[in-house]
Amino acid sequence: MKFIISPAQSLEGELTVAGDKSVSHRSIILGSLANGKTVVREILEGEDVLATIAAFRAMGVPIKRTGDKNYEIEGVGMDGLSQPGAAMDMGNSGTAFRLLTGLLSGQKWSSTLVGDESLTIRPMGRIITPLSMMGAKIESNDGCPPLHMTPVEKLMGRHYDMPIASAQVKSSLLFAGMYASGITSVSEPGPSRDHTERMLRGFGYDVQTQGSIISLEGGGELTSCEIDVPADLSSATFFILAGLIVPDSEIVLAKVGVNPSRNGVLSVLAKMGADIQPTNENIVGGEPVADLVVRSSSLKGCEICGDEVALAIDEIPAISVAAACAQGVTKITGAQELRVKESDRISSVVNGLRNLGVKVEELADGMIIEGGRLKGGKVDSYGDHRIAMSFSVAGAVASGNVEVENCANVATSFPDFRELANRIGLSIDVSE
Ligand code: S3P
């Protein structure tokens, strides 16, 4: 599937983008393990989260769709999951895959997780190593999916110094830790999103955060609750970008999750001169949310490095497009983690920008982008949803039409992206 984008004039309107992917996965996982009925509203019905729902149904959890984006989960308790009849397919979702690996390591039965072509080459050593230190038995294909978990008597709580800041690794270990003896703790070398810690507390599980160390004790219980999923800041970012770079635009993005452990995109864009005003700030289900008012801005290049990258890890492709539309040079470093996302996002972005006439230098851990005008052209998204959506927005300000190829995976995180984009004045057609 490809997207064909024509230049846009000015954008206007108020949108609520799809629910937060990280929060949606976790609501299904913890709701399934809780005692009692958990209600989840405004969940993301994208393919990644649907894969998580299918996995828990396969493990015997009654999960009922009660309406558009609304679900009721009859939690089975910490020891109530049953062995699924077949391997569980997590599709394109690295988050679901890694979070479930931790959880499945602590079950009393064996299980297998598989994924799509992109997931099958993503590194799992980062969870296999620390989970094995806790006693887990995990077989892999040379550190990649599929993974096969064999039950062990009992996992042992351990401390692990994480070599990379990763919410997926941290969460995988905490979920295993709920099944381990004693205390499981991790220390992070930099910030990563803390949705797992917040939601565990919301379900009544005690989690300690002391500086960069997060710990919990195994053997606890979860109590069901109600969850209102905020709109996904990562999805909102594509429209923030659009509002900033298309002249004479003003758009409002409603009820966006602005959790400080992952809202780096807002500070990076502010540093580039973006006019983004948060209003109606609130806390919903333990997560900070706000409406974001975005107005066209003349952006300038800047340096982006260190924690700034970690706090905006999923938004770097969109930020790179902003940099290509800015005045001056933007240098992004310390972003080597992007090489192992749904695609190698450094090379995907560099190739895409070059195809639109932008001068870019590729670095091992980032890139240097010279801002200027974009021209029309063809871009390959490499099957990566965030690359597809970033370049679809870039097309709005290019001097000719932009074709973005391999866009089917937009449905993994933002199924109604095109519909909402066209509602505010972007012009994105689809061709099979
Ligand atoms: C996620 C964590 C991030 C992010 C991913 C979602 C999560 O990955 O890139 O899209 O929900 O835990 P890492 O923090 O593992 O890099």
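The values are calculated or read from the model by the stated rules, or taken from the named source; none is laboratory data. Just so we're clear, the structure is a prediction, and the values are computed from it rather than from any experiment. Here the Cβ positions follow ideal geometry from the backbone for every residue, glycine too, while neighbour counts run over all protein chains shown. Surface accessibility is based on the protein's heavy atoms, side chains included, excluding ligands, DNA and RNA. Shrake-Rupley method; radii C 1.70, N 1.55, O 1.52, S 1.80 Å.
One table, with the values for the structure above:
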{"item": "Out of Lys37, Lys2, sole residue that is under 23 Å from Ala421 (Cα atoms) and either open to solvent by 10 Å² or more (accessible area, probe 1.4 Å) or away from the ligand (no atom under 16 Å from the Cβ) (or both)", "result": "Lys2"}
{"item": "Residue list for segment 190-213, filter: among the polar types (S, T, N, Q) and within 12 Å of the ligand (Cβ to nearest atom)", "result": "Ser192, Thr196"}
{"item": "Residue in segment 78-89 that is crowded, with 17+ Cβ neighbours inside 10 Å, within 27 Å of Ile313 (Cβ to Cβ) and modelled with pLDDT of 95 or more present", "result": "yes"}
{"item": "Given (1) closer than 25 Å to Asp194 by Cα; (2) more than 16 Å from the ligand (Cβ to nearest atom); (3) not hydroxyl-bearing (Ser, Thr, Tyr), index of the condition Gly301 fails", "result": "(1)"}
{"item": "Members of segment 124-141 that are among the small types (Gly, Ala, Ser) and assigned to a loop (DSSP other than H, G, I, E, B)", "result": "Gly135, Ala136"}
{"item": "Subset of segment 326-363 that is over 26 Å from Ser166 (Cβ atoms) and assigned to a helix (DSSP H, G or I) - its residue that is most open to solvent (accessible area, probe 1.4 Å)", "result": "Arg354"}
{"item": "Residue, nearest to the chain's Cα centre (by Cα), within segment 163-189, restricted to residues that are assigned to a loop (DSSP other than H, G, I, E, B) and within 10 Å of the ligand (Cβ to nearest atom)", "result": "Ser166"}
{"item": "Options Leu222, Leu216, Leu200: the member that is within 16 Å of Gly157 (Cα to Cα) and touching a Leu at 6+ places or on another chain (Cβ under 8 Å)", "result": "Leu216"}
{"item": "Qualifying residue in segment 386-399 (condition: touching a helix residue (DSSP H, G or I) at 6+ places or on another chain (Cβ under 6 Å) and assigned to a loop (DSSP other than H, G, I, E, B))", "result": "no"}
{"item": "Test for Ser93: is it modelled with pLDDT of 95 or more, closer than 30 Å to Pro191 by Cα and open to solvent by less than 20 Å² (accessible area, probe 1.4 Å)", "result": "yes"}
{"item": "Filter result (of a type in the set (Val, Ile, Thr) and over 16 Å from Ser390 (Cα atoms)) within segment 333-359", "result": "Thr333, Val340"}
{"item": "Matching residues, segment 304-316, being in a loop (DSSP other than H, G, I, E, B) and within 14 Å of the ligand (Cβ to nearest atom)", "result": "Leu311, Ala312"}
{"item": "Members of segment 48-77 found to be among the hydrophobic types (A, V, I, L, M, F, W, C), within 16 Å of Gly36 (Cβ to Cβ) and open to solvent by less than 20 Å² (accessible area, probe 1.4 Å), listed by number", "result": "Phe56, Val61, Ile63, Ile73"}
{"item": "Qualifying residue in segment 236-253 (condition: open to solvent by 20 Å² or more (accessible area, probe 1.4 Å) and within 12 Å of the ligand (Cβ to nearest atom))", "result": "no"}
